[in-house]
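Data first, discussion second: the structure below is written as structure tokens.
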Amino acid sequence: MKISIDDIKNAKDQSLKINFDNEVKNLSTDGNVVAELIFKAYGKFINAKGKIVANVKLVCDRCLKDFTNKIEVDVDETYILGRLIPSEDAHSGQEIELKDGDFVTELTDTNEIDVDDLIYQSVTLNIPNPCVCDINCVGDPEIEKYIKKEISDPRLEVFKNLKIKKEGK
């Protein structure tokens, strides 16, 4: 789903509310992704705020079983129309200091915002790490045989019995 920037600018109060209830390409979910987003134009900036809810299909890092995790994301994304950094400065080799608010998405050569991409990125960046099916998951004992066991270096054994004296004692 794409939203025209002109639609946002021409909407009442330059604010456009979008209710999204659909699948998102490349995002494995159990059911549709539901989002309520408000796009508001501020001159050459467009801000997207709202909430996304998705039941994402994942694989447990410990037991390798499939499970579904409900992910809720609060979105606050800013887009800039045109270039944030002029192209002649981008190749000068000079360092540019980033300030609060400089983390925006540039909309160059387009007059649309891709809502699917915004949702995909927001959900993907909020997938927990490590990804476990249950807080008490201990993993599959069959996997243990494939995990490389820690092998100690015999040259470092001398440090196991090392005693350190504190100064003044």
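Values for this structure:
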item	result
Qualifying residues in segment 39-84 (those that are free of Cβ contacts under 8 Å to residues at least 40 places away in the same chain and surrounded by 18 or more Cβ atoms within 10 Å (Cβ to Cβ)) - the one nearest to K2 (Cα to Cα)	Y79
Any hit, segment 89-111, residues being in a helix (DSSP H, G or I) and modelled with pLDDT under 75	yes
Residue ID - farthest from V123 (Cα to Cα), chosen from residues in segment 73-85 that are part of a strand (DSSP E or B) and not acidic (D, E)	L81
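Listed here are the residues, each with its yes/no results for (1) among the aliphatic types (A, V, I, L, M); (2) modelled with pLDDT of 85 or more; (3) part of a strand (DSSP E or B); (4) touching a strand residue (DSSP E or B) at 6+ places or on another chain (Cβ under 7 Å).
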residue: I113; (1), (2), (3), (4): yes, yes, yes, yes
residue: D117; (1), (2), (3), (4): no, yes, no, no
residue: Q121; (1), (2), (3), (4): no, yes, no, no
residue: V138; (1), (2), (3), (4): yes, no, no, no
residue: I143; (1), (2), (3), (4): yes, no, no, no
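The values are calculated or read from the model by the stated rules, or taken from the named source; none is laboratory data. What you see is a predicted model, and the numbers here were worked out from it, not measured in a lab. Positions of Cβ are generated from backbone atoms using ideal geometry, with glycine treated the same way; all protein chains shown enter the neighbour counts.
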